[in-house]
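What follows is calculated from the coordinates using simple rules that are stated; it is not laboratory data. The structure presented is a predicted model; accordingly, all values stated were derived computationally and were not measured. Cβ coordinates were reconstructed from backbone atoms using ideal geometry, including for glycine residues, and neighbour counts include every protein chain displayed.
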Amino acid sequence: MTSVESVPSTSTQVPAVGAAPDGPPQRKQLTKAERRELQEKQRAAKAAATAAGAPAKAGNAPKPAPKPSQGQNTKASTPAGASGSTATASNAPATAAKKAAKSGKEVDTQLVDKTADLEAQRRHQTRIFTHFVGKKEGGLGAGIKGEIHPAIIRLGRQFADMKIVGANARCIAALVAFKTIIQDYITPQNLTLARDLTQYISPQISYLVSARPMAVGMGNSIRELKYHISVVSIDMPEQDAKDHLCEQIDTYISHRIVLADSVIEEYAMAKIQNGAVIMTYARSSVVERVLIAAWTRGKRFSVKVVDSRPMLEGKNMLAQFVKVGIPCTYLLINGVGSVIAEVSMVFLGAHAINSNGSVYSRAGTALVAMLAKEHSVPVLVLSETYKYSNNIQLDSFTKNELAPIPDPRTSSRRITTRDRLGNETDVDDETRNPNLQSINPLYDLTPHTHITVLVTEVGLIPPSAISTLAGLRDKDKGMQLSV
Amino acid sequence: MFELMEAVKDAATKLKRHYSHNSVSLSAGCDVFYQFISSLRDFGQASIQLDPKLPAVREYAQNTKQVKDTIADNVDAFIKDDSVILTHGYSRVVVNAFLLSHRKGRRISVYVTETRPRGLGMRTHELLTKAGIPCTIILDSAVAYAMDKVDMIMVGCEAVVESGGIVNAVGSCQMAMIAKAFNKPVHVLAESYKWTRLFPLSQYDLPTHNDHILSFDLVSTPPTSGSNSPLPGTPRRHHPVLRTTDSIPNLLFAAQRHPPLDTTMSTNSMSNVMPVGQAGRNPEVDYTPPEYITLLFTDAGILTPEGISSYLVTMSLRSESS
């Protein structure tokens, strides 16, 4: 009776007494007959778990989720087989499920491995980075319960198609969409806005997360929004409350992003000397803004824009610089080593700043920062404080996101390559070669030792001191800055 | 109240202009005093009574003398008997600390660098030998030579900057780098009024740096090398660097045209001193990045460079929000 005995009992197990003598043959029957059912349940549980949870949990959720469900099935079928009565079997799964869910880790591991392998093979999914949220079955927002506002549906589509990219852009777009939602929201009878609106917003957030994992800054802003919702007074009339919340959102955008960017502009411009050669990477809204402002104010410098596939976001920034008249050089990341000796300083943007001062940013940033450090070129990371996260991340592997492989039928962004005859072929066409997968991690982590200074709206901060900011903000506002 | 602040600001500007070589620490001190005065002000009052405030202000000024003693006490715990300490230039805090340890009965010996061009190391030597501490002056260029004989480096500073690094007499940075290579601890003694919100990204990002420092003479060039020398408007790294070997003959040519080093201009027993024109192209202070510093001894306690930067960030945020 390997399946139950291999699980260490903690007195919450359903005793499958009658199953003891029938154990091994029972187990074989289970794996053959129940396999499909198990996988369906596993898939459904996985979809629900990933949709409902934050990306940090998404990697963990699929694993505990199938385990309780399998544990539940194991225990459900063994008493059923043993006793032979369906009445007890129908009750047993319910109680077994609860108890199995409580002791979720204690599962038949052999069963999990077998079905997991089959899952992986079936899906033709990435064989590494399986903990990243990749393509989802069932499309956008599958399995999310609750009505989703059309503004969110549209935004989710835009996120999934990479029409809106960049931490600031996504955050502002999301907050603006939430303003629409709040205005359209009507408090149901006998419920308070403070409690119900938070519940109403949750599936909307899940929908956005199903399109693309939550951006750190976006998460911070939504947390603050939820806080403001929760403290709305019960006596406040509904429209006043909604207007107040929209005002809070506007203030957040204006103070933490727009005005913060102006202050960062001032600090960063002071570091630009005439004749400097500035290197940038991919596209950052803040870096773009700073350099254009410096040029408009009369500083004269040149820029080397470094870019990389597949996103090639640097082209957009390059276009803006050239429009204003800044002399630019454009190169791909494999050329950075050749030009770094001529560079005076490197300006980089960020998606998130971790508490140990390391920077989570577009993939390739770490490379550029490391090269710059090796050549004693100062690296300035420009970032607003709302992107700060209390996380500590040690490498680019534990948390990341894969760029979606464009669907050749629907997406206009096709990445092609030419063979020697000049014939264009789709690089990412999976049907061409089932043994070939392309993966494009979107982010990487730059360790704090490669960064000279973080330019934020509160000043020039050395990376090691960034965690003091969080402590201060907490005391001032009486709430958590971020998780 | 506003006028008082303006008056303090004007006085500070005048002071800074007068003492141009000490400007960084002076700036720091003035800033701190300015902050202290602004913390005295009572909000919402049209005028304040200055007289009751004067004792507080005097006390603040006197405090700065006691600060050195606090630091010396902290330092004493780190000095073991028979320590050999290397120091740079003349710092009153450092000398005070050595004298205090010596009075307490510790046996120490001190190497001090000459600290050209001002020769401040001689003053340190004078004060220490007068008190009976064995002290030897070494060449600025002999720091690497002496490093293996040394147990620790102890220097003062003009200012502590926001990165956790320090600004001190030129030669401190290379001393710290050599110490790091030899795994010797570098201790910096810094009073808290020397902490400033500056953040230099490199030596050339210091406010004391200008285009004249480390510049080259524009000599009349032979025709061949003209195209290879960096043009003023060329976007380059902000220090001029000769990139091709063609320019080297240019230098040799220039050297031959100039008269040999002026030996009659020596002001001390050294016979070869650089001409005044060249001396003006040299910096007075340099920036030591935080990675080369082990500990900073301050009146606020003994801090690591990261600790100081955290402290500075906190203080500046508090003063902004208040």
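Using Cβ contacts closer than 10 Å as the measure, can you line up A:Ser302, A:Ser230 from fewest to most?
Ordered from fewest to most neighbouring Cβ atoms within 10 Å, A:Ser302, A:Ser230 come out as A:Ser230, A:Ser302.
Pulled fully out, how much extra length does the chain show between B:Ile302 and B:Asn63, if you take 0.36 nm times their separation in residues and subtract their Cα-Cα distance?
Taking B:Ile302 through B:Asn63 to full extension adds about 84.2 nm, to one decimal.
Take the Cα gyration tensor of the stretch B:83-166, multiply each eigenvalue by 5, square-root it, and list the three semi-axes largest first, rounded to whole angstrom.
19, 16, 13
Would you kindly calculate the translational diffusion coefficient of the stretch A:150-261, applying Stokes-Einstein with the Kirkwood radius from alpha carbon pairs, for 10 °C and a viscosity of 1.306 mPa s, and quote it in µm² s⁻¹ without decimals?
111 µm²/s
Ranked by Cβ crowding within 10 angstrom, fewest neighbours first, how are A:Glu342, A:Glu374, B:Glu158 ordered?
Listed from fewest to most nearby Cβ atoms, that is A:Glu374, A:Glu342, B:Glu158.
In nanometres, what is the gap between the two model label sites at A:Ala341 and B:Val219, each 7 Å from Cα along Cα-to-Cβ?
For the pair A:Ala341/B:Val219, the computed spacing is 2.5 nm.
Return the distance in nm (one decimal) between the two label points of a simple spin-label model at A:Leu259 and B:Leu4, each offset 7 Å from Cα along Cα→Cβ.
2.9 nm
Which ordering of A:Ile257, A:Ile164 is given by a fewest-first count of other beta-carbon atoms within 10 Å?
A:Ile164, A:Ile257
Each residue of the stretch B:142-157 in order: what ³J(HN,Hα) in whole Hz does its phi give by Karplus 6.51 cos²θ - 1.76 cosθ + 1.60, θ = phi - 60°, with x for Gly and Pro?
Calculated HN-Hα couplings, in order: 9, 4, 5, 4, 8, 4, 5, 8, 9, 8, 7, 9, 9, 10, x, 7 Hz.
At a threshold of 8 angstrom on Cα-Cα distance, excluding pairs fewer than six apart, so keeping six or more, what relative contact order does the stretch A:150-261 reach in percent?
Dividing the mean separation by the residue count of the stretch A:150-261 yields 36 percent.
Kindly state, to the nearest 0.05, the FRET efficiency for A:Lys163 paired with B:Thr294, given R0 = 60 Å and r defined as their beta-carbon distance.
After rounding to 0.05, the efficiency reads 0.70.
Distances over 11 Å make up what percent of all Cα-Cα pairs in the stretch A:206-247?
69 percent
Say a paramagnetic label sat at a point 7 Å from the Cα of A:Ser396, along Cα to Cβ; which residues of the stretch A:336-356 have their backbone N under 18 Å from it?
Counting only backbone N, you get A:336-338, A:347-354.
I'd like to know how the stretch A:282-368 sits against the 2.2 N^0.38 Å rule of thumb: what's its Cα Rg over that expected value?
1.09
Shielding of B:308-314 by partners, i.e. mean partner chain Cβ atoms within 10 Å per residue?
6
How far is it, in nm, from the label point at A:Asp243 to the one at A:Asp196 when both lie 7 Å from their Cα along the line to the Cβ?
Distance between label points: 2.1 nm.
Once you've got the Cα coordinates, tell me which of B:Lys68/B:Lys149; A:Lys46/A:Lys399; A:Lys226/A:Lys387; A:Lys46/A:Lys163; B:Lys104/B:Lys194; B:Lys104/B:Lys130 are over 24 Å apart.
Those over the limit are B:Lys68/B:Lys149; A:Lys46/A:Lys163; B:Lys104/B:Lys194.
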